[in-house]
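Asker: My questions will all concern the structure given below.
The values are calculated or read from the model by the stated rules, or taken from the named source; none is laboratory data. Being a predicted model, the structure only gives us computed values, none of them experimental. Cβ coordinates were reconstructed from backbone atoms using ideal geometry, including for glycine residues, and neighbour counts include every protein chain displayed. Accessible surface is based on the protein model in full, side chains and every heavy atom, while ligands, DNA and RNA are left aside. Shrake-Rupley method; radii C 1.70, N 1.55, O 1.52, S 1.80 Å.
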Amino acid sequence: MEFNAIYVIVAREFKKFIRERSRLFSAIARPLLWLFIVGAGLSRLVPSDTGVSYTQFIFPGILGMTILFSSIFSSISIIWDKEFGFMKEILVAPVSRLSIVVGKALSGTIVSTIQAAIILALFPILGFNLSIVQIIAVILICAFTSFSISAFGIVLATFYESYESFSVIMNFIVMPMFFLSGAMYPVKLLPEILQICAKINPLTYGIDAMKHVIFKFETGPMSPDIPLIIDAAVIILTSIIFVLIAGKAFERKG
Amino acid sequence: MSIIKVENLVKRFSDITAVNDVSFEVEEGTIFGFLGPNGAGKTTTINILCTLLAPTSGKAFIAGHDCIKESAEVRKAIGIVFQDTTLDKDLTARENLIFHAYLYNVAKDKMQQRVDDVLRFVDLYSRKDDLVKKFSGGMKRRLEVARGMIHWPRVLFLDEPTLGLDPQSRTNLWEFIAELPEKNKVTIFMTTHYMEEAEVCDRIAIIDNGKIIAMGTPEELKKAVGGDVIYIKTTDNASAKNEIERLFKFNVSEKENEIYMTCGMGDTCIPEIINTIGEKVISVRLQRPTLNDVFLKLTGKTIREETSSGNDIKDFVRAYRKRH
Ligand SMILES: Nc1ncnc2c1ncn2[C@@H]1O[C@H](COP(=O)(O)OP(=O)(O)OP(=O)(O)O)[C@@H](O)[C@H]1O
Ligand SMILES: [Mg+2]
C-alpha cells in the first residue's frame with residue numbers, strides 16, 4: 001500500500017469538497033428537509049407510544065441518509081474522473097489498485113462523516129439528551145458505515161463508464177437503499193420480501209447500530225431490529241469485501 | 001542501449017487489428033516518432049507500452065522491464081502526456097503537480113523545489129495558483145509536459161502533444177521538446193500526424209493500419225524516395241543539360257523552361273554545378289522531399305487524408321440545401 005498516494009487522493013477530494021460550497025450546502029439541506037418537513041408531517045400520523053416522536057425516530061435514518069448520498073456521490077465522482085480523463089493519470093502511476101480504492105473509500109468516509117456530524121449537532125433541537133460517549137459512538141458508526149457505502153459506490157462506479165448512468169444509479173440503487181434501510185420505518189414492520197431486501201442492504205446495519213446507541217429502549221415497534229454485534233460485524237465485513245471487489249474490478253478494467 | 005524494445009506486438013479489438021505485428025527499438029536519449037494517420041494504431045501502442053492495455057500477443061520492454069509482467073517497474077520509469085487532457089480542471093496548476101509528486105513518491109523535502117522548477121521550465125510559474133480551467137489549450141499542454149517530467153522519468157511519452165494548438169504554440173512547444181533529451185536525460189517517444197513535427201525526431205517509424213511501413217532517420221526516409229530535386233533556369237538549357245549529364249552523370253530532364261535532376265544531397269551538389277555552368281545560370285531552386293512524399297510513395301495516399309470527411313460534410317450541406 002502506498003500511503004502517499006492514499007493521502008493525496010483523500011486530500012484532493014477534501015480540497016474540492018471545501019471549495020464547492022454548493023455541494024456542502026445541498027448535502028446539508030436534503031436531510032434537514034426530510035427531518036423537519038417529512039418528519040414533522042408524518043409525526044401526526046404515527047403514535048409515539050414508546051415516548052419517542054416520529055421525528056426523533058427517523059433521526060438515525062436521516063444520519064444514514066446523509067452518509068448514503070454523500071458517500072455514493074463521492075465514489076461516483078470516479079465516473080467523472082474517467083469521463084474527463086483524470087483517471088488515466090492515476091492508473092498509469094506506480095500505485096497499486098488497492099491503494100487507489102482505499103484512498104477513494106477514505107475520501108468518501110471523511111467527507112460523509114463531516115456532514116453527518118453537522119446533522120448530528122442538531123440533537124438538542126430534536127429533544128435528545130446525548131452524552132459525549134453516545135456522540136463519539138454515533139460518529140464512529142457513521143465513519144465505518146460511510147467507508148462501507150463508499151466502497152460499495154466504487155464497485156458501482158467501475159461498472160459504469162459515463163455520467164448518464166448517474167440517474168440510473170440514483171433512482172434504481174440509492175433511493176431503494178434509502179427506503180429499505182429502516183430509516184423511515186422499522187424493518188420488522190415491512191412485508192417479508194422487503195425485509196429480506198433490507199437485510200442485504202449494508203445501510204440497514206449502520207442505521208440500526210445508531211438506533212442502539214441513540215435510543216434507550218430495546219423492545220417495541222420502534223426498537224432496533226438487529227443485535228448490535230451483528231450490525232458491527234456486517235459493517236466491517238462488507239467494508240472489506242467491497243474494497244477487495246473494487247480493487248479487483250480496477251485491476252481488470254485498468 | 002535500447003531503452004524501449006517492442007517485439008511482434010499485436011492488439012486486436014473484437015473486429016479490428018489496431019496494432020499488427022509491430023517491432024522496433026529506441027535508443028536511450030533520443031527522440032523517436034510514430035507518424036501515421038488517424039486510426040493507425042499510435043495511441044493503442046502507447047497504451048500497451050504504458051501498461052494501461054494488455055496486448056493480444058507480442059512483447060514490450062521499457063528500461064529492461066516487461067510491460068505486462070512488471071507493470072509497477074515500468075510505471076516508475078515513464079512519464080506520459082496523453083492525447084486528451086488528463087488534468088483536474090478544478091485544481092490549480094500547482095495542486096495538479098503536487099498530486100502527481102505524491103503519486104510518484106517524490107521525496108517530501110524535494111517536492112516543492114521540483115514542482116517550482118518544472119513550472120518555471122514550462123513558463124507557467126506566474127500562473128501556478130490559477131485553476132486549470134482558466135488555462136488556454138497551450139498552457140494545459142505545457143502543464144502536462146511539466147507534470148510528466150516531475151518524477152524524473154527515463155522515458156516520456158507524448159501522444160500528439162500539439163493537438164489543438166495554433167502554429168506559434170506548436171513551434172514553441174517543439175523547441176521545448178527538442179531540448180528535453182539533452183537537458184533532462186530522458187528518451188522521448190512521440191506520435192504525430194504532422195510531417196513537419198516528425199522532423200525533430202532522431203528516428204521515425206511510419207505506421208499505417210497498425211503496421212510499420214518504414215523506419216529510419218528523417219533523412220534516410222526522404223532519401224529513399226529519391227533525394228532532392230534541383231531546378232535550374234539557364235540561358236541555354238540544351239547545352240547546360242549536356243554538360244551536366246557529361247560531368248555529373250545525372251539524369252537531367254527539361255520541363256517548363258527549367259532543367260531538373262534528382263540528387264542525394266542537393267545542398268552540396270548545387271555549388272559544384274554552379275562552378276561548371278555558372279555563367280549560364282539564371283536561377284536555381286532546390287526541392288526537398290517531405291515525409292509526405294515518403295508516405296505517398298509507400299501507401300499511395302497522403303497522410304492527412306481528411307479530404308474524405310471534408311467531402312462528406314460538403315455533400316451533406318449540398319443535400320441539405322436541396323431539401324430546404
Ligand atoms: N478500446 C477500443 N475498442 C475498440 N477499438 C479500438 C479501441 N481503441 C482503439 N480502437 C481502434 O483501433 C484503431 C487504432 O486506434 P488508435 O487510437 O490507436 O489510433 P491513433 O493512431 O492513435 O489515431 P489518432 O491519430 O486518431 O489518435 C482504430 O481503428 C480504433 O477505432
Ligand atoms: Mg491517437
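Asker: In a Gaussian network model over chain A where Cα atoms closer than 10 Å are linked, find which of A:PHE172, A:PHE217, A:PHE14 has the largest mean-square fluctuation.
Answerer: The residue that fluctuates most here is A:PHE172.
Asker: Given springs between every Cα pair under 10 Å in a Gaussian network model of chain A, which of A:ALA209, A:ALA143, A:ALA27 has the largest fluctuation?
Answerer: Greatest mean-square fluctuation among the candidates belongs to A:ALA27.
Asker: Continuing with the same structure: From the Cα gyration tensor of the stretch A:112-254, with a ≥ b ≥ c the square roots of its eigenvalues, which class applies: rounded if a/c is under 1.5, or else prolate if a/b is larger than b/c, or else oblate?
Answerer: prolate
Asker: Can you tell me the FRET efficiency between A:LYS188 and A:ALA117 if r is taken as the Cβ-Cβ distance and R0 is 41 Å, rounded to the nearest 0.05?
Answerer: The calculated FRET efficiency here is 0.90.
Asker: Keeping all protein chains in place, calculate the accessible area per residue for chain A (probe 1.4 angstrom), answer in Å².
Answerer: Values: 10940 Å² over 254 residues.
I get 43 Å² per residue for this part.
Asker: Right, here's the next one. Roughly how crowded by other chains is peptide B:67-80, in terms of the mean Cβ count from those chains within 10 Å of each of its Cβ atoms?
Answerer: Rounded to a whole number, the mean comes out at 2.
Asker: At 7 Å along the Cα-to-beta-carbon direction for both A:LEU32 and A:ILE230, put a label point, then send me their distance in nm to one decimal.
Answerer: Computed distance between label sites A:LEU32 and A:ILE230 equals 3.7 nm.
Asker: For chain A, which span is the longest to avoid every loop-located (per DSSP) member of trypsin sites (Lys or Arg not before Pro) having at most 12 other Cβ atoms inside 10 Å?
Answerer: A:45-215
Asker: If you stretched the chain out fully between B:TYR231 and B:THR276, how much longer would it get, using 0.36 nm times the residue separation minus the C-alpha to C-alpha distance?
Answerer: 14.6 nm
Asker: A further question on this structure: Mind checking which of A:SER167, A:SER107, A:SER96 has the largest fluctuation in a GNM of chain A, springs on alpha carbons under 10 Å?
Answerer: Judging by the Gaussian network model, the answer is A:SER167.
Asker: Still on this structure: Hey, what's the per residue convex hull volume over the C-alpha atoms of the protein assembly as shown, in cubic angstrom?
Answerer: Hull volume normalised by residue count: 224 Å³.
Asker: Can I ask one more? Please give the average number of partner chain Cβ atoms lying within 10 Å of the Cβ of each residue in B:90-103, rounded to a whole number.
Answerer: 5
Asker: I would also like to ask the following. Please find the FRET efficiency linking B:ILE16 to B:GLU245, where r is the Cβ-Cβ separation and R0 is fixed at 51 Å, and quote it to the nearest 0.05.
Answerer: In this case the efficiency is close to 0.50.
Asker: Just want the answer: with Cβ charges of +1 for Lys and Arg and -1 for Asp and Glu, which residue in B:GLY148, B:PHE121, B:VAL10 is farthest toward the dipole's positive end in the stretch B:1-158?
Answerer: Final value for the positive-end residue is B:PHE121.
Asker: Distances longer than 30 Å among the Cα atoms of chain B: what percent of all pairs is that? Each step should come with its number before you reach the end.
Answerer: Details: 25270 of 52326 pairs.
Here the long-distance tail beyond 30 Å is 48 percent of all Cα pairs in chain B.
Asker: Can you tally the net charge around A:LEU98? Count Lys and Arg as +1, Asp and Glu as -1, for every other residue whose Cβ sits under 10 Å from the Cβ of A:LEU98.
Answerer: Cβ neighbours under 10 Å give a net charge of 0.
Asker: Please report, as a whole percent, how much of the solvent-accessible surface of chain A comes from carbon and sulfur atoms (probe radius 1.4 Å).
Answerer: Values: 8000 of 10940 Å².
Here it works out to 73 percent.
Asker: Go through the stretch B:60-148 and name the trypsin sites (Lys or Arg not before Pro) that are in a DSSP coil and have 12 or fewer other Cβ atoms within 10 Å of their Cβ.
Answerer: Working: sites: B:LYS69, B:ARG75, B:LYS76, B:LYS89, B:ARG94, B:LYS108, B:LYS110, B:ARG114, B:ARG120, B:ARG127, B:LYS128, B:LYS133, B:LYS134, B:LYS140, B:ARG141, B:ARG142, B:ARG147; in loops: B:LYS69, B:LYS89, B:LYS128.
Answer in residue order: B:LYS69.
Asker: Additional query: Using the Cα centre of chain B as origin and beta-carbon charges of +1 (Lys, Arg) and -1 (Asp, Glu), tell me which of B:ILE62, B:LEU247, B:PRO161 is placed farthest towards the positive end of the dipole.
Answerer: The listed residue farthest towards the positive side: B:PRO161.
Asker: For the pair A:TRP80 and B:ASP109, how long in nm is the line joining their label points, each one 7 Å along Cα→Cβ?
Answerer: Between A:TRP80 and B:ASP109, the label points sit 3.8 nm apart.
Asker: Oh, and also: If you add up the charges near B:ARG285, with Lys and Arg at +1 and Asp and Glu at -1, over every other residue whose beta carbon is less than 14 angstrom from its beta carbon, what do you get?
Answerer: -1
Asker: How far apart, in nm, are two points set 7 Å out from the Cα along the Cα-to-Cβ line at B:LYS297 and at A:TYR7?
Answerer: Reported label-point gap for B:LYS297 and A:TYR7 is 5.8 nm.
Asker: What is the sum of charges around A:VAL111, taking Lys and Arg as +1, Asp and Glu as -1, for the other residues whose C-beta is under 13 Å from the C-beta of A:VAL111?
Answerer: With Lys, Arg at +1 and Asp, Glu at -1, the neighbours total +4.
Asker: Not counting the cut sites, what is the longest span of chain A without GluC sites (Glu not before Pro) that DSSP labels loop and that have at most 15 other Cβ atoms within 10 Å?
Answerer: In short, A:21-160.
Asker: Mind checking the stretch B:60-168 for GluC sites (Glu not before Pro) that DSSP puts in a loop (not H, G, I, E or B) and that have at most 12 other Cβ atoms within 10 Å?
Answerer: none
Asker: Still on this structure, please answer the following. Rounded to the nearest 100 Å², what's the accessible area chains A and B bury against each other, both chains counted, probe 1.4 Å?
Answerer: Numbers: alone 12120 and 16930 Å², together 26750 Å².
Buried: approximately 2300 Å² between B and A.
Asker: Given a 1.4 Å probe, how much area per residue of chain B is accessible, in Å²?
Answerer: 49 Å²
Asker: Please list, or write none, the lysines whose alpha carbon is within less than 17 Å of the alpha carbon of A:LYS188, excluding same-chain residues fewer than 8 places away.
Answerer: A:LYS199, A:LYS211
Asker: Right, another one. Using a cut-off of 16 Å between alpha-carbon atoms, which lysines can reach A:LYS248, once sequence neighbours fewer than 8 places away in the same chain are excluded?
Answerer: Counting by Cα, and skipping residues close in sequence, A:LYS248 has these lysines nearby: A:LYS104.
Asker: Turning to a different aspect of this structure: Output the antiparallel fraction of DSSP beta bridges having both residues in the protein assembly as shown, as a percent to the nearest 5.
Answerer: 65 percent
Asker: Let me ask something else about it. Quick one: P(r) of chain A from all Cα-Cα pairs, 10 Å bins, percents rounded to integers, in order of increasing distance.
Answerer: Pair shares across the bins are 7, 32, 35, 19, 7, 1.
Asker: Something else about it: Which entries in the list B:LYS140/B:LYS222; B:LYS69/B:LYS185; B:LYS5/B:LYS128; B:LYS5/B:LYS249 go over 31 Å, if you measure between the two C-alpha atoms of each?
Answerer: Beyond 31 Å between Cα atoms: B:LYS140/B:LYS222; B:LYS5/B:LYS128; B:LYS5/B:LYS249.
Asker: In sequence order, what are the phi-derived ³J(HN,Hα) couplings for the stretch A:164-177 according to the Karplus relation 6.51 cos²θ - 1.76 cosθ + 1.60 with θ = phi - 60°, rounded to whole Hz, with x for glycine and proline?
Answerer: 4, 6, 4, 5, 4, 4, 4, 6, 9, 10, 6, 4, x, 4
Asker: Another question, then. Round to a whole number: what % of the accessible area of the stretch B:2-221 belongs to carbon and sulfur, probe 1.4 Å?
Answerer: Within the stretch B:2-221, the accessible surface is 46 percent carbon and sulfur.
Asker: Under the definition of partner shielding as Cβ atoms of other protein chains within 10 Å of a residue Cβ, what is the mean value for peptide A:80-89?
Answerer: 5
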